[in-house]
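Engineer: Can you read through this structure? Questions will come right after.
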Amino acid sequence: MRIIKIGLVLGLLGLAGFGQAQAQDTYGATKYPIVLVHGLFGFNSILGVDYFYGIAADLQTHGASVYTTEVSSVNSSDIRGEQLVTQVSQILAVSGASKVNLVGHSQGAQTIRYAAAALPGKVASVTSVDGVILGSSVADFVLSLEAATGGVITPVINSLLNGLGLVIDSASGQGNLPQDAQASLTVLSTAGSTAFNKRFPAGVPTTACGDGAAVVNGVGYYSWTGNKISTNVFDISDPILALAGAAFGATPNDGLVAICASHLGKVIGDQYDMNHLDAVNQVLGLVGTTDPVALFRQHANRLKLAGN
């Protein structure tokens with residue numbers, strides 16, 4: 001795929017990019033490469049703006065080998081997972097590493113869990129960042145609207161969301177990726193996530209708002225999430241998340257996922273002053289008092305100390 005090919009060229013030239021960067025220190029120098037996976041309506045980079053805004057560059061500065069991937073902007077976690085499996089296999093071949101550390105945001109959390117199950121022995125850790133683990137009330141709400149209208153508006157919603165996904169992927173240079181909004185909404189719903197968890201139970205908590213198993217079959221499982229919706233008056237996405245967050249009622253959430261519904265494996269924290277997009281330093285670094293870039297950097301050190 002284009003992304004991996006670019007990573008290979010840059011890696012061979014010894015330049016910063018998708019491969020290993022010239023490190024100024026070794027604070028985040030993990031044993032295995034870190035692979036970043038975007039969420040719903042996500043992308044690799046558009047017009048020079050990375051989805052994981054400033055995060056990959058910071059990790060590289062601190063010694064990590066980082067790869068960013070691109071899967072369908074809108075599709076099921078199984079389809080996205082298969083796409084990721086292909087890219088991880090390419091990353092392993094390019095880097096010469098035997099394993100990778102997978103980090104997924106939002107729906108990316110389901111995507112990396114699928115890949116981890118499909119690549120036994122090749123994944124060192126799985127980390128969910130504001131991930132959809134137990135489902136999202138926003139997906140539930142959209143599906144309930146479809147049901148209430150007898151499916152009349154379903155084609156309209158699917159067409160709009162699929163079109164948006166196609167535009168996003170095309171702008172990021174991956175316009176050939178398939179889009180399926182209905183499949184995405186279904187797997188991100190409470191019922192769909194429950195079914196997904198039965199197939200991929202590793203790290204999923206068995207108690208309400210608790211931690212899951214920290215290590216399963218030698219793979220470390222981690223998660224963290226924000227607990228705010230509106231965090232920066234200058235961020236144009238905050239009002240949108242505030243509107244979406246209304247679907248949760250009084251349940252604490254980050255605008256798209258309930259706090260307790262984001263727990264996976266060892267919960268690093270769920271008290272951070274950031275919303276769903278702040279978690280990846282969007283939009284353009286306009287975030288709350290918590291520095292998401294620092295959270296990723298600290299986690300790289302955590303993985304390093306764990307031998308990953």
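Values quoted throughout were computed directly from the atomic coordinates according to the rules given, and no laboratory measurement underlies them. Just so it is clear, the structure is predicted and the values come from calculations on it, not from any experiment. Cβ: placed from backbone, ideal geometry, glycine included. Neighbour counts: every protein chain shown.
Engineer: Would you tally the residues in segment 116-150 being touching a helix residue (DSSP H, G or I) at 6+ places or on another chain (Cβ under 7 Å), without any contact (Cβ under 8 Å) to a residue 60 or more places away in the chain and of a type outside the set (V, I, T)? Lay out the reasoning, then the answer.
Structural biologist: Of the residues in segment 116-150, the ones touching a helix residue (DSSP H, G or I) at 6+ places or on another chain (Cβ under 7 Å) are 118-119, 122-123, 125-143, 146.
Subsequent filtering for residues that are without any contact (Cβ under 8 Å) to a residue 60 or more places away in the chain retains 118-119, 122, 139, 142-143, 146.
Now narrow it down to the ones that are of a type outside the set (V, I, T): 118-119, 122, 139, 143, 146.
Of the residues in that region, 6 qualify.
Engineer: A further question follows. From V132, V138, V167, grab the single residue that is out of contact with any Leu (no Cβ under 7 Å at 6 or more places or on another chain) and of a type in the set (V, I, T).
Structural biologist: Values: V132 fails: out of contact with any Leu (no Cβ under 7 Å at 6 or more places or on another chain); V138 fails: out of contact with any Leu (no Cβ under 7 Å at 6 or more places or on another chain).
Answer to the selection: V167.
Engineer: Report the residue count in segment 41-53 for those that are touching a residue at least 40 places away in the same chain (Cβ under 8 Å) and either crowded, with 24+ Cβ neighbours inside 10 Å or outside any loop (DSSP other than H, G, I, E, B) (or both). Please lay out each step first, then the result.
Structural biologist: Keep residues of segment 41-53 that are touching a residue at least 40 places away in the same chain (Cβ under 8 Å), which gives 41-47, 49, 51-53.
Keeping just the survivors that are either crowded, with 24+ Cβ neighbours inside 10 Å or outside any loop (DSSP other than H, G, I, E, B) (or both) gives 42, 45-46, 49, 51-52.
Total meeting the criteria: 6.
Engineer: Which residue is nearest to F43 (Cα to Cα), if the candidates are limited to segment 160-175 and must be touching a residue at least 60 places away in the same chain (Cβ under 8 Å), surrounded by 15 or more Cβ atoms within 10 Å (Cβ to Cβ) and of a type in the set (G, A, S)?
Structural biologist: S172
Engineer: Go through segment 252-308 and report how many residues are assigned to a loop (DSSP other than H, G, I, E, B) and acidic (D, E). Explain how you work it out, then say what you get.
Structural biologist: As a first pass, look at segment 252-308 and keep what is assigned to a loop (DSSP other than H, G, I, E, B): 252, 254-257, 259, 263-265, 273-277, 281-291, 306-308.
With acidic (D, E) added as a condition, the list becomes 254, 273, 291.
Counting residues in segment 252-308 that are assigned to a loop (DSSP other than H, G, I, E, B) and acidic (D, E) gives 3.
Engineer: What is the residue count in segment 208-247 for residues that are β-branched (V, I, T), within 19 Å of the chain's Cα centre (by Cα) and either more than 23 Å from P292 (Cα to Cα) or in a strand (DSSP E or B) (or both)? Full working, then the answer.
Structural biologist: Our first condition is that a residue be β-branched (V, I, T); within segment 208-247, this holds for 215-216, 219, 225, 229, 231, 233, 236, 240.
Within this subset, residues satisfying the condition of being within 19 Å of the chain's Cα centre (by Cα) are 219, 225, 229.
With either more than 23 Å from P292 (Cα to Cα) or in a strand (DSSP E or B) (or both) added as a condition, the list becomes 219, 225.
Number satisfying all stated conditions: 2.
Engineer: From the set of residues in segment 116-153 that are hydroxyl-bearing (S, T, Y) and either in a loop (DSSP other than H, G, I, E, B) or touching a Lys or Arg at 6+ places or on another chain (Cβ under 7 Å) (or both), which is nearest to K99 (Cα to Cα)?
Structural biologist: We begin by selecting, within segment 116-153, every residue hydroxyl-bearing (S, T, Y); these are 125, 127-128, 136-137, 144, 149.
Among the residues that remain, those that are also either in a loop (DSSP other than H, G, I, E, B) or touching a Lys or Arg at 6+ places or on another chain (Cβ under 7 Å) (or both) are: 136, 149.
Numbers: S136: 31, T149: 47 Å.
It comes out as S136.
Engineer: In segment 191-227, how many residues are closer than 26 Å to V287 by Cβ and touching a strand residue (DSSP E or B) at 6+ places or on another chain (Cβ under 8 Å)?
Structural biologist: Step one: of segment 191-227, the residues closer than 26 Å to V287 by Cβ are 209, 211, 221-227.
Restricting the remaining residues to those that are touching a strand residue (DSSP E or B) at 6+ places or on another chain (Cβ under 8 Å) gives 211, 221-227.
Result for segment 191-227: 8.
Engineer: Let me ask you something else. State all residues of segment 81-114 that are of a type in the set (A, V, I, L, M, F, W, C) and free of Cβ contacts under 8 Å to residues at least 40 places away in the same chain; if no residue qualifies, say none. Working first, answer last.
Structural biologist: Of the residues in segment 81-114, the ones of a type in the set (A, V, I, L, M, F, W, C) are 84-85, 88, 91-94, 97, 100, 102-103, 109, 112.
V85, L92, A93 - these are the residues of segment 81-114 that are of a type in the set (A, V, I, L, M, F, W, C) and free of Cβ contacts under 8 Å to residues at least 40 places away in the same chain.
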